Amino acid sequence: MGYRYLVLLASCLVLASNVSAADIPLTLQDALVRTTQQALDLQIERLTPQQSFQEYRKSTGIFDTNLSLSLNHNQTRDVVYDIPTRTSQTSLGISQLLSSGATAKLSATNNYYANQYSLGGTENYWRSGVSLSVSQPLLKNFGRDTTMLAIDVARLTNEGNREQYRTKLINSLATTRTNYFTLYGLREELTARKTSLKLAQQIEQETKARITAGVLPAMELLNASFGVATREKDLNDTERRYRDQEETLVQLLQLPVGSTLNLLDSPKQRVVSFVQSQLIERARTNRAELAQLSKELEAIRLQSTVAHNRVLPDVNLTASGSSNGLESNFNRTMDRVGSVDRPAWEVGLTLSYPLGNRAADAEYRKSLFAQQQKSLQLKQQQDLIDNEVRAAVRNLETMGKQLEVAKRGLGYAQERFTAWKTKVTVGMATNKDLLDVENDLTIAVTTEISARVAYEAALTAVWKSSGLLIEELGFERRTVMQAVEGRE
């Protein structure tokens with residue numbers, strides 16, 4: 001029984017390892033799509049705009065209509081006349097903040113008084129009324145900007161957080177693309193190292209055979225064995241770097257730990273050219289960092305406008321009108337209210353202003369400094385982006401020339417290896433010479449691979465610096481930004 005249990009457990013472990021360490025075919029587009037969906041840094045970052053959107057919704061609550069209802073009933077006994085009295089009071093009110101800063105309130109009251117002492121006797125009567133009141137600031141706190149300040153700032157903060165997410169998204173996509181082609185380059189280099197080792201081992205076997213036949217001196221075997229050992233070390237180093245890079249990409253894409261990746265795409269064999277001035281203009285339009293700073297500057301300007309408004313005196317105009325009824329019968333009371341034959345109205349004006357008003361004045365001047373500071377930050381960021389674009393274009397041009405040189409060097413190394421291989425066959429060169437030439441060929445192969453990978457990284461940097469990366473990778477900005485769109 002114990003043996004069967006161990007066999008079953010071992011089988012389960014094998015199955016689990018096969019699931020977690022799967023061989024996954026992966027295209028570049030698959031990797032990019034998975035990045036937008038599964039990358040942990042993006043999952044973390046997208047929660048910020050989602051939170052700020054709820055803060056925006058919260059701020060709009062100032063325009064929610066406020067409904068109030070009160071019911072009150074009391075019964076007492078007059079201490080002088082020993083008469084029990086009853087009072088029932090009902091009131092219903094609706095208040096609403098207006099964009100001008102005014103507060104409007106509509107209220108209705110309906111009160112019933114029973115056994116009320118009057119002129120030596122008692123009576124029952126109804127007292128009802130409907131009133132409308134408005135309180136409107138005329139100077140301080142007047143207007144839409146002041147009333148909507150918290151809402152506008154929350155909206156701009158949410159939009160800025162969405163731009164911050166777009167920056168993170170672009171960085172993550174660029175990292176995935178670069179890591180993908182880096183892994184591809186290491187895989188190709190690993191193949192080249194294996195081929196080099198296999199050739200060195202073949203030369204070592206041939207050298208042993210020739211030494212046995214007495215054609216070559218014994219010291220030639222040392223050269224051949226050293227060549228094999230050197231190539232084994234290079235292969236081990238490359239394999240370690242390949243596994244490290246593979247794990248990096250697996251972790252970035254949130255694939256099962258231990259997965260092996262079968263990359264299906266390779267760098268395209270082309271050289272791309274750009275017009276630098278056009279890229280700079282596109283960057284100024286598309287870079288998320290500039291958009292985010294613009295939102296922050298707009299919010300500070302709104303705050304500065306409101307701060308200037310709050311330097312003014314606080315003048316409030318209040319007006320109210322009502323219709324009331326007082327009858328012993330409820331229906332007659334309501335008729336009185338509806339007929340408006342007993343109207344009442346009131347108009348008032350209040351003024352308040354702190355002498356000196358240093359707090360409001362200091363707040364306004366502080367907002368002006370903050371606005372100036374943010375404008376300079378925006379200008380600085382724009383200059384940095386312009387320099388980044390120019391540097392990326394120069395680097396792309398350099399990588400293009402480096403790629404051309406690497407291709408020519410590879411072609412030359414291949415021809416040279418073929419020639420020296422012929423020389424060794426006819427006895428005009430030693431195996432050591434051939435190993436040296438083959439090592440040069442391997443270096444040329446890896447150099448050409450590295451040049452292709454470096455060119456793709458430089459191209460990614462150009463797209464990233466100009467704000468074109470999302471579209472160039474085949475995504476629609478609206479689609480990839482849906483994850484942080486506000487939803488009611």
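Quick notes on this one:
- Pairs meeting the criteria (first residue in segment 369-392 and over 27 Å from THR460 (Cβ atoms), second residue not aliphatic (A, V, I, L, M), beta carbons under 9 Å, at least 6 apart or on different chains) are ALA370/GLN303; ALA370/SER304; GLN371/ARG301; GLN371/GLN303; GLN371/SER304; LYS374/GLU296; LYS374/ARG301.
- Residues satisfying the stated conditions in segment 385-410, i.e. β-branched (Val, Ile, Thr) and open to solvent by 80 Å² or more (accessible area, probe 1.4 Å): VAL405
- Count of segment 240-283 residues which are over 20 Å from GLN37 (Cα atoms), modelled with pLDDT of 90 or more, open to solvent by 70 Å² or more (accessible area, probe 1.4 Å) and not small (Gly, Ala, Ser): 9
- Contact map, segment 419-434: residues that are of a type in the set (Ser, Thr, Tyr) paired with residues that are part of a helix (DSSP H, G or I) and open to solvent by less than 60 Å² (accessible area, probe 1.4 Å), Cβ distance under 9 Å, separation 6+ or inter-chain. Pairs shown: THR430/GLU220; THR430/ASN223; THR430/VAL424.
- Filter result for LEU312 (open to solvent by less than 80 Å² (accessible area, probe 1.4 Å) and within 30 Å of THR157 (Cα to Cα)): yes
- Within segment 223-239, the set of residues being open to solvent by 50 Å² or more (accessible area, probe 1.4 Å) and more than 14 Å from GLN202 (Cα to Cα) comprises LYS233, ASN236, ASP237, GLU239.
- Residues in segment 465-484 that are open to solvent by less than 70 Å² (accessible area, probe 1.4 Å), part of a helix (DSSP H, G or I) and not β-branched (Val, Ile, Thr): SER465, LEU469, ALA483.
- Any hit, segment 405-419, residues being over 43 Å from the mean Cα position of the chain (by Cα), more than 22 Å from THR191 (Cβ to Cβ) and assigned to a helix (DSSP H, G or I): yes
- Residue pairs whose Cβ atoms lie under 6 Å apart, separated by 6 or more positions or on different chains, with the first residue in segment 236-248 and closer than 15 Å to ILE449 by Cβ and the second of a type in the set (S, T, N, Q), are GLN245/THR182.
- Evaluation of MET219 against (1) over 29 Å from LEU42 (Cβ atoms); (2) in contact (Cβ under 8 Å) with a residue 24 or more places away in the chain (one fails), failing number: (2)
- Residues in segment 281-327 that are hydroxyl-bearing (Ser, Thr, Tyr) and over 34 Å from the mean Cα position of the chain (by Cα): 4 in all.
- Boolean, GLN75 is open to solvent by 50 Å² or more (accessible area, probe 1.4 Å) and either part of a helix (DSSP H, G or I) or modelled with pLDDT under 95 (or both): yes
- Residues that are of a type outside the set (Val, Ile, Thr) and open to solvent by 30 Å² or more (accessible area, probe 1.4 Å), drawn from segment 150-170: ALA150, ARG155, GLU159, ARG162, GLU163, GLN164, LYS168
- Any hit, segment 128-146, residues being within 30 Å of THR65 (Cα to Cα), part of a strand (DSSP E or B) and open to solvent by 60 Å² or more (accessible area, probe 1.4 Å): yes
The values are calculated or read from the model by the stated rules, or taken from the named source; none is laboratory data. Computed from a predicted model, the values in this text were never measured in an experiment. Cβ: placed from backbone, ideal geometry, glycine included. Neighbour counts: every protein chain shown. Accessible surface is based on the protein model in full, side chains and every heavy atom, while ligands, DNA and RNA are left aside. Shrake-Rupley method; radii C 1.70, N 1.55, O 1.52, S 1.80 Å.
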